[in-house]
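What follows is a set of notes on a single structure, which appears directly below.
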Amino acid sequence: MNSANRVIFNTLVLYLKMAVTMVVSLYSVRLVLAALGESDYGIFNVIGGVVAMLSFFQTALSVSTQRYLSFYHGKGDKNLLIQVFNNSVALHIAMGIIVVGLLEIIGRIFIDYYLQIPNDRIDVAKTIFHFSCASVFFSIIGVPYTAVINANERLIFIAVISILESFEKLGLAIFLSYTGYDKLFVFGFFMAVIMFVSFVFYFITCKRKFDECRHFDIHSMNKSLLKDLMGFASWNVVGSLTTMSKNQGMSILFNIFKGPTVNAAYAVAHQVSAQLQFFSATMLRAMNPQIMKSEGCGNHPRMLRLSLTASKFGFLLLAFFAIPCIFEMDFILGIWLKNVPKHTAYFCDLILVAMLFDQLTVGVNSAFQACKLVKHSTIFVGATKLLILPVGYILLKMEMSVYTVVLGYAVVELLAGWVRVVLAKKMMKLSILSYVGNVYLKIFVPVLLSVLGCFLASECEIEPYRIILTMSLSTLLFLPSVYFCSMDENEKQIVRNMMSKIKRGKCA
């Protein structure tokens with residue numbers, strides 16, 4: 001399978017995984033809530049929320065490890081691959097022990113003195129916290145194995161294990177309805193067991209399928225490589241912390257100046273944007289190994305070309321869903337939420353625009369990862385993104401509208417993207433003209449036609465069916481224009497080959 005077909009196959013596999021896990025997870029949550037009741041379910045989410053809180057940490061570590069593995073795959077150096085993997089395993093075991101140790105100390109203090117938990121549930125809450133810490137440990141030490149799978153572009157293994165994990169959680173949700181034991185204890189214990197089982201699946205898969213994972217040799221520990229891995233991972237963690245600080249900082253500012261109602265609108269807007277962003281993030285996850293491998297084998301021009309392609313399609317995948325949603329946000333929120341907080345629709349629209357601006361350079365960020373220049377990107381781009389906090393404070397202090405603040409959020413995201421491009425020009429010899437030609441000019445026609453189509457549909461007074469017209473008209477205008485205006489000849493050929501295969505399959 002060539003690299004282009006591999007990217008397409010992996011993207012489709014990840015979309016299938018998303019569809020299955022989302023449906024199964026939503027139903028599982030419903031069963032768990034019914035079985036545990038609101039009080040115990042709330043306790044688990046407060047105590048077990050540490051796993052979600054540290055998800056940014058796991059993601060940053062995974063990207064770092066995958067970068068080195070993909071890079072040396074591109075070089076074709078098997079000995080270095082083994083060294084990277086072995087050093088990464090040792091590093092993540094050490095990190096897992098340190099993180100869990102800190103969590104156990106801090107968590108006990110919070111449970112005893114700060115969290116509001118009924119007296120008769122304190123003991124089980126502490127036990128649940130231990131289970132959650134165990135889940136965090138298995139999650140961290142599993143990072144090198146998922147990174148190996150990503151680096152080898154065998155994402156079907158991750159998809160299969162994730163789907164199995166979602167069905168295990170569904171089985172647990174059903175079991176809770178019948179067990180006579182303490183349901184909260186049972187739920188916490190088996191959630192930790194499921195994380196352990198997933199780790200074992202990843203461990204066995206990597207040992208059987210990939211040479212670099214078959215032999216752990218203590219003599220392959222390399223202080224210089226460990227230091228390199230830790231430094232690279234640290235800057236990725238700082239980048240993730242910057243994003244989290246920006247979002248949480250905005251939430252705090254809104255709470256101080258405007259109260260909890262605006263906070264609720266801002267939180268809902270980020271939930272909407274996070275769901276839509278998955279489509280472009282999935283494509284980037286499939287393309288990242290090729291970007292890293294290209295730099296590893298010394299093909300810098302191909303690496304830059306792939307990074308621009310990732311930026312282009314990352315934007316288009318998000319725009320395909322985001323533009324119709326922006327025009328029909330009131331209707332979508334009305335269906336999803338019974339009581340829609342004031343300002344929510346405007347917040348959703350503007351934050352989606354901000355996300356679209358960020359997607360314009362998402363592939364360039366991968367190029368910084370490939371060239372090991374993440375430190376510079378984190379400092380300059382992160383500092384630019386954090387500008388929204390002092391700017392937001394000043395605007396709110398001046399009693400400006402909350403819409404002005406969120407509009408400022410979008411403008412800062414656009415500015416941060418251009419800081420990233422200028423840095424790429426200086427540090428990686430990226431041509432700004434090439435960037436504009438391969439990204440901005442390629443997306444212009446599809447975006448223009450989609451916006452015009454959605455605007456015309458939004459003028460029709462045919463509620464509640466107008467959303468169908470908006471989505472349909474946007475799709476009919478967007479997809480053909482992407483094919484004819486956004487794709488180069490190689491990309492068109494891939495689409496034609498796929499359509500030919502589909503037709504042959506139907507005929508057969």
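Some values worked out for this structure:
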item: Within the stretch 373-404, considering residues that are under 19 Å from LEU356 (Cα atoms) and over 25 Å from the mean Cα position of the chain (by Cα), the one least open to solvent (accessible area, probe 1.4 Å); result: THR404
item: The stretch 469-492: number of residues that are more than 20 Å from ASP349 (Cβ to Cβ), open to solvent by 60 Å² or more (accessible area, probe 1.4 Å) and aliphatic (A, V, I, L, M); result: 2
item: Condition check for ILE109: within 30 Å of the chain's Cα centre (by Cα), of a type in the set (Val, Ile, Thr) and open to solvent by 50 Å² or more (accessible area, probe 1.4 Å); result: no
item: In the stretch 18-44, the residues that are open to solvent by 30 Å² or more (accessible area, probe 1.4 Å) and of a type in the set (Val, Ile, Thr); result: VAL20, VAL23, VAL29
item: Among the residues listed as PHE85, PHE56, the single one being within 30 Å of PHE368 (Cα to Cα), buried (at least 16 other Cβ atoms within 10 Å of the Cβ), aromatic (Phe, Trp, Tyr) and modelled with pLDDT of 80 or more; result: PHE85
item: Considering residues of the stretch 427-439 that are touching a Lys or Arg at 6+ places or on another chain (Cβ under 9 Å) and either open to solvent by less than 40 Å² (accessible area, probe 1.4 Å) or in a helix (DSSP H, G or I) (or both) only, the residue nearest to PHE357 (Cα to Cα); result: VAL439
item: Number of positions in the stretch 130-167 that are surrounded by 22 or more Cβ atoms within 10 Å (Cβ to Cβ), small (Gly, Ala, Ser) and touching a Ser or Thr at 6+ places or on another chain (Cβ under 8 Å); result: 3
item: Subset of the stretch 173-184 [open to solvent by 20 Å² or more (accessible area, probe 1.4 Å) and assigned to a loop (DSSP other than H, G, I, E, B)]; result: SER177, TYR178, GLY180, TYR181, ASP182
item: Residue tally, condition of a type in the set (Val, Ile, Thr), in contact (Cβ under 8 Å) with a residue 12 or more places away in the chain and farther than 15 Å from LEU317 by Cβ, over the stretch 9-28; result: 4
item: Residue list for the stretch 333-364, restricted to those being open to solvent by 50 Å² or more (accessible area, probe 1.4 Å) and either under 25 Å from THR282 (Cβ atoms) or in a helix (DSSP H, G or I) (or both); result: ILE335, TRP336, TYR346, PHE357
item: The stretch 329-353 residues that are closer than 22 Å to ALA319 by Cα and polar (S, T, N, Q), paired with ones that are outside any helix (DSSP H, G or I) and open to solvent by less than 100 Å² (accessible area, probe 1.4 Å) (beta carbon under 9 Å, 6 or more apart); result: THR344/LEU337
item: Residue within the stretch 441-448 that is touching a Cys at 6+ places or on another chain (Cβ under 6 Å) and within 30 Å of THR475 (Cα to Cα) present; result: yes
item: Those residues of the stretch 112-129 which are surrounded by fewer than 14 Cβ atoms within 10 Å (Cβ to Cβ) and either aromatic (Phe, Trp, Tyr) or over 19 Å from GLY188 (Cβ atoms) (or both), in sequence order; result: TYR113, TYR114
item: For LEU452: the one exception among (1) within 28 Å of the chain's Cα centre (by Cα); (2) at pLDDT 95 or above; result: (1)
item: Condition met for LEU170 (of a type in the set (A, V, I, L, M, F, W, C) and crowded, with 21+ Cβ neighbours inside 10 Å); result: no
item: Some residue of the stretch 208-215 being out of contact with any Cys (no Cβ under 9 Å at 6 or more places or on another chain), open to solvent by 80 Å² or more (accessible area, probe 1.4 Å), part of a helix (DSSP H, G or I) and at negative phi; result: yes
item: Boolean, LYS372 is of a type in the set (Lys, Arg) and within 30 Å of THR65 (Cα to Cα); result: yes
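The values are calculated or read from the model by the stated rules, or taken from the named source; none is laboratory data. Quantities reported herein were computed from a predicted structural model and do not represent experimental measurements. Neighbour counts are summed over all protein chains in view; Cβ atoms, including those assigned to glycine, are modelled from backbone coordinates with ideal geometry. Calculation scope for accessible area: heavy atoms of the full protein, side chains included, ligands and nucleic acids excluded. Shrake-Rupley method; radii C 1.70, N 1.55, O 1.52, S 1.80 Å.
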